[in-house]
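Here the structure comes first, spelled out in structure tokens, and everything after it is commentary.
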Amino acid sequence: MRFLPVIVTAVFTATSHALVEPALPVWNLKERAELEAVGWIPGAIFLTDTPVPDEPLQVEQPKPEEIVDDLKASPEIAEKFLPAYFAERPKTFLVDPQGLLSPADYRDRLSFLNYHASDSSIDLFVYVMGGEQEIPSDVREEEVIERFFSEGRPAVVVYYYLGAPQRSVIYLSPSITDSISAAEQHRALESSVMQAFEKIRPSEQIEKFLVQISIRIYWMERMLAGGPAAGDADPSARAAVVRPAVAGSAQLIWLQELALKFAFPAALTVSGVLLVFALGFWRRVSARYRFPDLEVEPRLGGAHAAGVGAVISFASAALPPASQRDQVPDYLRRA
Amino acid sequence: MKCPRCVQRIHRAAASCPHCGFTLADADACFGEEEVRIRSLTDSAGILRRGDREKVELAMERISRRFPQVFVAIYTGSLGEVANIRQFGFWLLNRSAFEDVPVEKPNEVGILITIDPESKAAGMVFGYLLDPFLEESDTFECLSRAHAYWLEGRYAEGILRVLKHLDGILRKRSRQARRDPEHFERKVTPPAQMGDLVRRIRAGHRAVIQQDETVEVVP
């Protein structure tokens with residue numbers, strides 16, 4: 001305790017020293033006068049909108065050969081992929097030899113197209129190309145369609161440019177071209193493109209596009225209704241299209257076959273059991289019961305009856321039926 | 001079988017109660033000897049509502065349909081303090097003519113349920129056709145089913161319970177009678193007379209003697 005005043009004094013002294021700020025720099029009046037004389041204003045750089053001058057960028061100019069190479073880059077589909085696209089009628093509904101779609105997307109889209117084919121009388125073939133790509137000029141799309149899609153089931157063929165759905169082109173197989181007007185084809189394509197543009201990612205765009213075009217094909221089918229289905233003429237052509245089985249479909253088919261196999265016997269058995277129960281119920285309800293007519297001698301002078309049965313009193317809950325079972329005269333009851 | 005007045009057992013062919021001498025004439029003296037014309041469902045006490053009446057009538061009709069020989073009648077009324085519900089039921093089934101019951105169904109095939117809401121008592125009487133087949137305990141079981149309902153004044157529900165149980169008992173008795181008719185025949189066969197017994201003893205209980213005996217009696 002003796003050192004307490006010393007400590008307090010030391011603390012206050014240190015605090016007072018810490019609170020003292022260092023002195024601001026001070027202009028040399030002579031230097032300032034010289035600068036102001038040449039037009040300099042302190043802080044003027046922050047008071048103007050003109051950008052602070054920067055050093056010019058040193059950009060390397062492209063070389064002539066590089067510019068020439070850029071001009072050479074062609075958007076056409078590489079020649080090595082052309083046979084896979086246009087050499088024959090596609091074996092699957094989704095044609096993507098360049099592998100533009102990821103395997104998972106390819107599988108999902110193909111699964112959808114297979115489903116569409118199973119549900120619709122018009123097949124949907126989709127050729128997937130890059131968004132910037134062009135079909136080589138020596139390939140005539142109409143000729144391809146006529147060559148590969150004249151036979152078999154009617155089909156809608158779409159050249160779809162991944163990431164650029166607005167560039168998509170639609171063709172109909174010759175068997176239905178006359179029945180579906182060009183305007184209707186255009187509307188189908190337009191609505192599908194609009195649906196595709198609701199999404200940003202190319203993989204989602206193609207999904208939306210296919211769903212919408214499938215719906216529009218349904219309406220085309222409705223338009224065709226009334227006329228014979230062209231695909232029925234040649235079922236072998238339909239079989240030519242290989243449809244990879246989707247996961248679980250084999251089990252589903254097995255179950256369907258099993259159900260078909262046992263459906264009839266099961267239904268027969270259930271019907272039989274129900275019939276037996278119904279007959280039993282009907283017999284029980286409609287049964288008639290008779291009593292043998294036995295000769296009974298009249299009693300107590302009664303011509304029709306002397307069968308005096310029980311009498312029960314319901315005057316009080318304290319007198320339950322169990323206590324009334326012995327039907328005896330009052331004078332025989334205990335008080 | 002019991003006497004409606006003294007509730008003592010009486011034998012099968014008693015012209016009057018051997019204990020108290022009761023006969024139908026005594027009941028006539030109390031309730032009148034004229035024939036009474038009523039319907040099979042007579043609600044003199046007014047304890048059944050319109051909807052209830054229809055339900056009860058349906059249940060009665062169901063029994064008549066299922067047992068073509070039988071009909072059920074229900075009478076509700078205040079009998080007063082003096083009247084005995086047993087004697088009244090016995091008298092009513094013998095003296096009433098049911099207007100809505102077909103003529104081919106005499107009162108012998110009837111089952112009468114009597115309810116007196118004033119004295120809070122109910123009884124059941126049946127005709128001679130059902131005499132071999134129904135026991136007093138059967139009728140007691142039927143009435144017991146309604147006890148809880150009648151305690152609360154729910155007469156229609158109680159009656160429906162009685163009729164449902166009665167339906168079950170009649171079906172059971174009918175099946176028993178079809179399987180073993182002799183059982184019920186024995187119940188109505190007149191009791192053996194002393195002379196018959198002596199003759200059987202002398203004949204050594206042989207069946208042949210019956211034939212001889214018949215031969216003797218015929219001339």
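The values are calculated or read from the model by the stated rules, or taken from the named source; none is laboratory data. Keep in mind it's a predicted model, so treat the numbers as computed, not measured. So basically every Cβ, Gly included, is an ideal-geometry build from the backbone, and we count neighbours across all protein chains shown.
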On the basis of being at the interface with chain A (Cβ under 9 Å from one of its Cβ atoms) and either over 13 Å from the mean Cα position of the chain (by Cα) or farther than 20 Å from A:GLN324 by Cα (or both), does B:LEU130 make the cut?
yes
In the range B:113-127, which residues are within 23 Å of B:GLU33 (Cα to Cα) and more than 7 Å from every other protein chain (Cβ to nearest Cβ)?
B:ILE113, B:THR114, B:ILE115, B:ASP116
Does A:ALA188 meet the test of being buried (at least 20 other Cβ atoms within 10 Å of the Cβ), among the small types (Gly, Ala, Ser) and touching a Pro at 6+ places or on another chain (Cβ under 7 Å)?
no
If you check B:LEU58 against the conditions, is it in contact (Cβ under 8 Å) with a residue 24 or more places away in the chain, more than 9 Å from every other protein chain (Cβ to nearest Cβ) and either over 20 Å from the mean Cα position of the chain (by Cα) or surrounded by 17 or more Cβ atoms within 10 Å (Cβ to Cβ) (or both)?
no
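Quick check: is even one residue across the range B:90-112 β-branched (Val, Ile, Thr), within 23 Å of B:THR23 (Cβ to Cβ), out of contact with any Asp or Glu (no Cβ under 6 Å at 6 or more places or on another chain) and within 9 Å of another protein chain (Cβ to nearest Cβ)?
To start, the set of residues in the range B:90-112 that are β-branched (Val, Ile, Thr) comprises B:101, B:103, B:109, B:111.
From the residues that got through so far, the ones that are within 23 Å of B:THR23 (Cβ to Cβ) too are B:109, B:111.
When the remaining residues are screened for being out of contact with any Asp or Glu (no Cβ under 6 Å at 6 or more places or on another chain), the result is B:109, B:111.
From what's left, within 9 Å of another protein chain (Cβ to nearest Cβ): B:109, B:111.
Yes, there is a match, as at least one residue in the range B:90-112 is β-branched (Val, Ile, Thr), within 23 Å of B:THR23 (Cβ to Cβ), out of contact with any Asp or Glu (no Cβ under 6 Å at 6 or more places or on another chain) and within 9 Å of another protein chain (Cβ to nearest Cβ).
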Residues of the range B:79-106 being among the charged types (D, E, K, R) and either more than 29 Å from A:SER313 (Cβ to Cβ) or in contact with a helix residue (DSSP H, G or I) (Cβ under 8 Å, 6 or more places away or on another chain) (or both), in sequence order, are B:ARG95, B:GLU99, B:ASP100, B:GLU104, B:LYS105
Checking the condition under 25 Å from A:ARG187 (Cβ atoms) and free of Cβ contacts under 8 Å to residues at least 60 places away in the same chain, which residue from A:PRO83, A:PRO154, A:PRO97, A:PRO165 passes?
A:PRO165
Can you tell me which residue is farthest from B:GLU118 (Cα to Cα) among those in the range B:21-50 that are among the charged types (D, E, K, R) and either crowded, with 18+ Cβ neighbours inside 10 Å or touching a Leu at 6+ places or on another chain (Cβ under 8 Å) (or both)?
B:ASP26
Which condition number does B:ASP180 fail, the rest of (1) more than 9 Å from chain A (Cβ to nearest Cβ); (2) under 16 Å from B:VAL109 (Cα atoms) being met?
(2)
Within the range B:1-27, how many residues are more than 7 Å from chain A (Cβ to nearest Cβ), within 13 Å of B:ASN84 (Cα to Cα) and not hydrophobic (A, V, I, L, M, F, W, C)?
2
If you check B:THR76 against the conditions, is it more than 11 Å from chain A (Cβ to nearest Cβ), β-branched (Val, Ile, Thr) and in contact with a helix residue (DSSP H, G or I) (Cβ under 8 Å, 6 or more places away or on another chain)?
yes
Could you check how many residues of the range B:96-120 are in contact (Cβ under 8 Å) with a residue 24 or more places away in the chain, closer than 24 Å to B:ALA27 by Cα and either surrounded by 21 or more Cβ atoms within 10 Å (Cβ to Cβ) or acidic (Asp, Glu) (or both)?
12
Residue among A:LEU82, A:LEU124, A:LEU110 that is under 30 Å from A:SER203 (Cβ atoms), in a helix (DSSP H, G or I), at pLDDT 90 or above and among the aliphatic types (A, V, I, L, M)
A:LEU110
Could you check the range B:30-55 and list, in sequence order, the residues that are farther than 13 Å from B:ARG95 by Cα, assigned to a strand (DSSP E or B) and touching a residue at least 40 places away in the same chain (Cβ under 8 Å)?
none
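Please verify whether the range A:158-168 includes one or more residues that are part of a helix (DSSP H, G or I), under 22 Å from the mean Cα position of the chain (by Cα) and not hydroxyl-bearing (Ser, Thr, Tyr).
Step one: list which residues in the range A:158-168 are part of a helix (DSSP H, G or I), which gives A:165-167.
So of that shortlist, the ones also under 22 Å from the mean Cα position of the chain (by Cα) come out as A:165.
Applying the additional criterion that residues be not hydroxyl-bearing (Ser, Thr, Tyr) yields A:165.
Within the range A:158-168, one or more residues are part of a helix (DSSP H, G or I), under 22 Å from the mean Cα position of the chain (by Cα) and not hydroxyl-bearing (Ser, Thr, Tyr).
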